[in-house]
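Shown next, in structure tokens, is the structure this report addresses.
FYI, it's all coordinate maths here, none of it is from the lab. As the structure is a computational prediction, the values presented were derived from the model and not from experiment. Cβ sites come from the backbone with ideal geometry, for glycine too, and all protein chains shown count toward neighbours.
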């Protein structure tokens, strides 16, 4: 029986990646590095995760640390749109499940947007990065299981990238209970099992969860 649903933030709740592209253009300008102007090209450069992006952009270790500092400041200036329908989905799911949000993004960024869109109140737990640079998510999953007295088999996770799927598997979630949406950043279809239902828009999540449960 499913008792809780874990949400990713970027690419699932807010359409933030075009804004991430804008921030990286600012970072690269400050560091004297080239950054693709085309969004699709930037997605290729970004790759699997932020660390890979830094490597592909030619950042040294010290430049990567500086980039993280710039990112934490600049992303707060951006206002990504809320994906249409996701608030209604979260409101509906809250009636039946414990809801958790786990994001590697800066806490100040995550909380400011959740408050802006009146969503923070719906989550029983919210995890985000409290340091400069992305958070390692695995510890947040384990803490969720412990605090809410959950078994991995009682949890559904919703993400939008290959790394989200990998995190879920690493902490013991069942592959069939990891939903990777189509409307977010995008994922490698060769590394993520075929989804039971294509979640092309947030409202599709309700059907996908019913099929699992």
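Taking every C-alpha pair closer than 8 Å and separated by at least 6 residues, the mean separation divided by the residue count of the stretch 72-168 gives a relative contact order of 26 percent. Projecting label points 7 angstrom from Cα along Cα→Cβ for residue 88 and residue 176 puts them 3.0 nm apart.
Measure nothing fancy, just the Cα-based angle from helix 61-74's long axis to the longest principal axis of the chain, in degrees from 0 to 90, nearest 10. It is inclined by approximately 70 degrees. Helix 17-31 and the longest principal axis of the C-alpha atoms of the chain enclose an angle of approximately 30°. Measuring nothing but how far apart in sequence close Cα pairs (under 8 Å, 6+ apart) lie, relative to its length, the chain scores a relative contact order of 27 percent. For the stretch 17-77, taking the reciprocal of the average inverse distance between every pair of different Cα atoms yields a Kirkwood hydrodynamic radius of 11.3 Å. Residues 45, 23, ranked from the fewest to the most other C-beta atoms within 10 Å, line up as 45, 23. To test your reading of the geometry: what angle, between 0 and 90 degrees and rounded to tens, separates the Cα axis of helix 138-147 from the longest principal axis of the chain? Approximately 30 degrees, to the nearest ten. Note on the chain: GNM, Cα springs under 10 Å; of 34, 202, 18, the largest mean-square fluctuation is that of 34. By definition, a body whose alpha carbon gyration tensor gives a ≥ b ≥ c is prolate when a/c is 1.5 or more and a/b is larger than b/c, and the chain fits this prolate description.
The relative contact order of the stretch 19-77, computed from alpha carbon pairs under 8 Å that lie at least 6 residues apart in sequence, is 38 percent. As a proxy for reagent exposure, 99, 119 were ordered by neighbouring Cβ count within 10 angstrom, fewest first; the result is 99, 119. When each of 117, 165 is scored by the number of other beta-carbon atoms lying within 10 Å, the sequence from fewest to most is 117, 165.
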